[in-house]
Every structure is written in structure tokens, then in C-alpha cells.
Amino acid sequence: MKRVLAVLALVLTSAFAHAQVDRASLTGTVKDTTNAVIPNASVTITGPQAPQSTKTNSEGVYLIQSLIPGRYVVEAEFSGFQKGSRAVILEVGQKGNVDFNLGIQGGSETVSVEAKRLLNTEQSSLGTVIDQAKVANLPLAIRNWDDLLALVPGVQGDRFTEQGGGTSFGRTGGVNVHGTRSLQNNFTLDGVDNNSISENVQE
């Protein structure tokens, strides 16, 4: 009975992990103008979903997870300091980083809020997001989504299956990414496994 429960728990944990693939997260450090960390500062993020708030820990670090990709405004504040505000764009699976340096309250203040895509400094994995405008406007043969893979640096089209035949076998997404074999690709749809394996061929 214990073995069955252990297996069930493992399956549930795995399913939850896959479900988070389509989300983003944001972290950063809140400091003052002398670069001293500010513990217990309030950080609030607003955007495509309900606002979320958190506090920085003893090292001045905050973390907000499970964010829907999109444009957000992040605000940091602490009593006696000026409020900081940044606008950012988070993409699918991104672990973004936004730091704040808060000035002493009462001094002159110029706040510039600018939306920008963040450099990925939190993870080593490579990824590319094809925005909605390209999906809607680029000419795709029979609106086949995997034609968009040709837009990604390091991706080479594979016109043959690993079975040694042509694409008439019906496999889609047959590309080599940075030199890996096409059978090593993994496809997910809304964070859920979207692979079909038959006769040792990924379709």
C-alpha cells in the first residue's frame, strides 16, 4: 500500500511540474542608494492577472512565481524610502530579474517606467518566443505551426524521419536544434506532454 501511495505522489508531482511550463517567475533584490539591502520591503506586481504582493527576505530578495506571460508593472516600497516602479515583459517559461535601488524619501525624484523584455540571467536554457504578430501575419503553408521553427536561430529543418523515410510518415516538428537529433525534441501544449511515439518515431 505504501508503494502505491508513493508512486501516486510522484505522478502528481510530475503533473504539477509540467503544468508550470507555460508560466513565468520574477525575482530581484531591493536595496537603497548605498547598495545596502532592504529586508521586509513590499513588492507588488500587476498585469494580466490579479495583483500579487510579497515581502523581501533578510537578504532583500523577493520571488513571485506562476505568472501568466505578458506586460507587468512591478513596484517596490519601504517606509522612509521613495517608491520604485518598473515595467517589464515576461515571456513563457522565463525567470526574470528586476532589482530596485530606493532613494531616501523627500529628495528629488524622477520616475521613468519603460516596458522591456528582460535578459535571462536566472537560467542557462535557451529559448525563443514567436510573438502573436508573426504568427498571424507570416505566410505558413497550410497554416502549419512548425514552419515557425525556421525563425529560431540554431534550428535546421529535417526533411526525413528517423525511420529513413520521407515526411509522408506524418511526423511534424522534424527539426534539429543546435545539432541534436530530431527524436530528442520534446513538445508540450499548455504545459502538457504533446508527443506521439510510434515505431520509435516521434510524431
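Read-outs: derived from the displayed coordinates by stated rules, not from any lab. None of the values given here were measured: they were computed from a predicted structure. Using ideal geometry, Cβ is built from the backbone for each residue, glycine included, and neighbour counts are taken over all protein chains shown.
Between Ser53 and Asp22, what length comes free when the chain is fully extended (0.36 nm per residue of separation minus the Cα-Cα distance, one decimal in nm)?
Stretched out fully, the Ser53 to Asp22 stretch lengthens by 9.1 nm.
Place the peptides 61-74, 131-144 in order of packing, highest mean first, counting for every residue the other Cβ atoms within 10 Å and averaging per peptide.
Values: 61-74: 16.8, 131-144: 8.8.
Result, highest mean first: 61-74, 131-144.
I'd like to compare 87-96, 43-52: which one has the highest average count of other Cβ atoms within 10 Å, and what's the full order after that?
87-96, 43-52
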